[in-house]
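The next block holds one structure in the form of structure tokens; read it before the comments.
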């Protein structure tokens, strides 16, 4: 099936657990030759039906660390998922991440005939309910606010969730920071107790401890300190702050307020071939700075995205993905998952 070609014994062990069709996508379509540390550790535990709490940096391969086991578990549970059965729910903080996760999920789920649905804000609720009813979905990727709304509208949905095998909460720390605790509590109340749960996050906050109380049974913690897979000993000591990839180069400049704009323009100009992401604290800042930077950086495409900009958000993210030298201005709506 391809797994025997893998050099690492731990890789071969995980690969042997995956359906051959899924492994084929991983090795050939995605062109990966090895699993990352978080995929090896969390993936194997989830497939073995353990609950996991995973802290790993952005860029460590977290998405596939839960998607590979989700598809594997559902495929192993039954060959044919009925229209009215939902096998897995994946909750993410924003629609950009939901679209991205759904796209990856479809590529590994379709070869084993598992249907994937995306439920996010910014779309017509009635249409989403109707589509879900007609097409069914073994796997749902959703933002919490919209999924909670559909739960209250569509009484059949609760019945369909009785078949649920796996719940994944991605960017769990972020969801709590954004005030989704109520929505998540409502969603959890509708799910069967006999399920597997995976909480994935980049930080370990006190609010995360709250979430852990919800339905995790004898959970196992997995902490990856960097993208090379070193296990962290210090993450707890420093208050559970963010865990950064080893390849990320961080620096900062202390600048007078009146010189900040010219310094930003200069910094972007000095990186003519770079794709640049600039964070601002408010939506108004993003709108204002887009007007200014468009005038000063005429050769660069200046894109913008923020919480109040409901329309064209997907289009802006797509353009940023495709253009090599684009500059994206944003609020923290983009701070994870892009």
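The values are calculated or read from the model by the stated rules, or taken from the named source; none is laboratory data. Everything numeric in this text was worked out from a predicted model, so none of it was measured. Neighbour counts run over all protein chains shown; Cβ positions are idealised from the backbone, glycine included.
Brief remarks follow.
- The condition (being exposed (fewer than 13 other Cβ atoms within 10 Å of the Cβ) and either under 21 Å from the mean Cα position of the chain (by Cα) or modelled with pLDDT of 85 or more (or both)) is satisfied by just one residue among 196, 217, 221: 221.
- There is no residue in the stretch 26-40 that is assigned by TED's automatic domain parsing to the domain that holds residue 162, at pLDDT below 95 and within 26 Å of residue 132 (Cβ to Cβ).
- Residue 108, sole failed condition from (1) at pLDDT below 95; (2) part of a helix (DSSP H, G or I); (3) surrounded by 24 or more Cβ atoms within 10 Å (Cβ to Cβ): (1)
- Every residue from the stretch 47-56 that is closer than 11 Å to residue 200 by Cβ and part of a loop (DSSP other than H, G, I, E, B): 56
- Verdict on residue 92 being in contact (Cβ under 8 Å) with a residue 60 or more places away in the chain and buried (at least 23 other Cβ atoms within 10 Å of the Cβ): yes
- Condition check for residue 82 on (1) over 16 Å from the mean Cα position of the chain (by Cα); (2) part of a loop (DSSP other than H, G, I, E, B); (3) crowded, with 24+ Cβ neighbours inside 10 Å: one failure, at (3).
Quick grid of which residues meet (1) touching a residue at least 40 places away in the same chain (Cβ under 8 Å); (2) under 20 Å from residue 325 (Cβ atoms); (3) assigned by TED's automatic domain parsing to the domain that holds residue 326:
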| position | (1), (2), (3) |
| --- | --- |
| 261 | no, no, yes |
| 264 | no, yes, yes |
| 283 | yes, no, yes |
| 287 | no, no, yes |
| 293 | no, yes, yes |
| 297 | no, yes, yes |
| 303 | no, yes, yes |
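- Taken residue by residue, the stretch 38-51 has at least one member that is free of Cβ contacts under 8 Å to residues at least 60 places away in the same chain, crowded, with 23+ Cβ neighbours inside 10 Å and more than 26 Å from residue 249 (Cα to Cα).
- Pairs with Cβ under 6 Å, 6+ apart, first in the stretch 184-200 and free of Cβ contacts under 8 Å to residues at least 40 places away in the same chain, second in a strand (DSSP E or B) and surrounded by 21 or more Cβ atoms within 10 Å (Cβ to Cβ): 195/167
- Qualifying position, being assigned to a loop (DSSP other than H, G, I, E, B), surrounded by 16 or more Cβ atoms within 10 Å (Cβ to Cβ) and in contact (Cβ under 8 Å) with a residue 12 or more places away in the chain, among 98, 137: 137
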